[in-house]
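Input: a single structure, listed below in structure tokens.
The values are calculated or read from the model by the stated rules, or taken from the named source; none is laboratory data. None of these values were measured; they are calculated from a predicted model. Glycine also receives a Cβ, built like all others from the backbone with ideal geometry; neighbour counts cover every protein chain displayed. Just the protein is used for accessible areas: all its heavy atoms, side chains included, with ligands, DNA and RNA removed. Shrake-Rupley method; radii C 1.70, N 1.55, O 1.52, S 1.80 Å.
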Amino acid sequence: TLPTEGTSKHQDLNYISGQTMSEILTGSRITGGSFVVVDARYPYEFEGGKIKGALNLFKEDMVIQHFYPDSTLMKDKPAIVIFHW
């Protein structure tokens, strides 16, 4: 688990700090596990500046199709999914 800073309007979503995100991206926070960053902003925002390696999935159906193709679980699903918006 990652240290969180608080919750958003949705009680199931927590924030992580910029420091924690930096540690994840440099490999010093997660060892032996995988992660994916989902950038949920619109494409023009994504193109204006993005986190290296982030996926631009800005609609719910895009997220579902990526993580649950053909209504099945992804075989190589990441251990941690980080949403950025």
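Table: residues versus (1) farther than 15 Å from Phe83 by Cβ; (2) part of a loop (DSSP other than H, G, I, E, B); (3) in contact with a His (Cβ under 7 Å, 6 or more places away or on another chain).
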| residue | (1), (2), (3) |
| --- | --- |
| Asp12 | no, yes, no |
| Gln19 | yes, no, no |
| Val36 | no, no, no |
| Glu47 | yes, no, no |
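When Leu73 is tested against (1) assigned to a loop (DSSP other than H, G, I, E, B); (2) among the hydrophobic types (A, V, I, L, M, F, W, C); (3) surrounded by 11 or more Cβ atoms within 10 Å (Cβ to Cβ); (4) at pLDDT below 90, only condition (3) is not met.
Note on the stretch 39-70: residues that are among the aromatic types (Phe, Trp, Tyr) and open to solvent by 80 Å² or more (accessible area, probe 1.4 Å) amount to 3. Checked against (1) more than 10 Å from Ile82 (Cβ to Cβ); (2) modelled with pLDDT under 85; (3) surrounded by 12 or more Cβ atoms within 10 Å (Cβ to Cβ), Leu2 passes all but condition (1). Do we find that Gly32 is assigned to a loop (DSSP other than H, G, I, E, B) and at pLDDT below 75 in this structure? It is true that Gly32 is assigned to a loop (DSSP other than H, G, I, E, B) and at pLDDT below 75.
Looking only at the stretch 16-38, residues that are open to solvent by 70 Å² or more (accessible area, probe 1.4 Å) and within 19 Å of Pro78 (Cβ to Cβ) come to 7 in all. Per the conditions (1) among the hydroxyl-bearing types (Ser, Thr, Tyr); (2) open to solvent by 70 Å² or more (accessible area, probe 1.4 Å); (3) at pLDDT below 85, the sole criterion not satisfied by Ser8 is (2).
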